[in-house]
Amino acid sequence: MEILQLVEAARDGDWSPLLGAAAQAPGKRWAEQAQCAGQEVTAFVPLVDGPRQDPEHVRKTHGVALNRPLNFCAACPLAVAARCLVESLKHDDEFGIRGGLLASERLELREEWKVRTDSEAVTAALRGATAALTDSERQEVISRFAFDPTLNPAAVARALGVTHKHLLKLASRHRLRLVPATAPSDSSDAA
């Protein structure tokens, strides 16, 4: 499988192939295996590309200048390219070539990443595992905690990086949002 196939699966809502490939490059030193390791970083941050640019226009007008960095990405092991892309999505990198994609090509993926919910990440957070969560995953953790008294508040608070007291406030606010507002009683209706 190639990185572009992983990207297409993610665009279709199936993040598991991309995340699975990225997991094959574990640890903090995964970037040392990248083809770009030791290269001048400015080559991977073309000034002509940004999150709001048209990727087809960028490739058409500046393709020759992009060949060198994109060729480095194409030569990367799949696991490293996938991890590079996933890390850029986790950190919401707006600029630079990551995982073989221009910044403008990652815009749609970045938006989809922000709203995706990884059930494994949510389950792990409910057990107390600390990890970067998307906003939707964070809300799912709070929602489940708010209605499941068997969950350990200290573990969930640790996973979310908040105090126990703040977690209880978040859960209370969540429950209040779900309760329909009751209309104030009108004394004239009672008579």
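Spin-label point model (7 Å from Cα, Cβ direction): what's the ASP54 to GLN35 distance in nm?
2.9 nm
Which distance in nm do the two modelled labels at SER119 and ASN71 give, with both placed 7 Å along the Cα-to-Cβ direction?
Result for the modelled spin labels: 4.5 nm.
Which entry is the computed mean projected area of the Cα convex hull in nm² for this structure: [x] 13.4; [y] 12.1; [z] 16.1?
Evaluating mean projected area of the Cα convex hull in nm² on these atoms matches [z].
Report, in deg cm²/dmol and to the nearest 500, the calculated mean residue ellipticity at 222 nm for the chain, where each DSSP H run with n ≥ 4 adds -39500 (n - 2.57) and the sum is divided by the residue count.
Taking each H run of at least 4 residues, the total per residue is -17500 deg cm²/dmol.
Using a 1.4 angstrom probe with every protein chain in place, what is the largest-first accessible-area order of THR123, THR150?
Ranking THR123, THR150 by accessible area, largest first, yields THR150, THR123.
Order the following by accessible area, largest value first: PHE44, PHE147. Probe radius 1.4 Å; ligands, DNA and RNA are ignored. Please report the intermediate quantities before stating the final value.
Values: PHE44 20, PHE147 115 Å².
Per-residue accessible area, sorted high to low, gives PHE147, PHE44.
What net charge is computed for the residues neighbouring ASP92, neighbours being all others with C-beta under 9 Å from the C-beta of ASP92, Lys and Arg scored +1, Asp and Glu -1?
+1
The values are calculated or read from the model by the stated rules, or taken from the named source; none is laboratory data. What you see is a predicted model, and the numbers here were worked out from it, not measured in a lab. Here Cβ is always computed from backbone atoms with ideal geometry, including for glycine, and neighbour counts include all displayed protein chains. Each accessible area value is taken on the protein alone, full model and side chains, heavy atoms only, with ligands, DNA and RNA left out. Shrake-Rupley method; radii C 1.70, N 1.55, O 1.52, S 1.80 Å.
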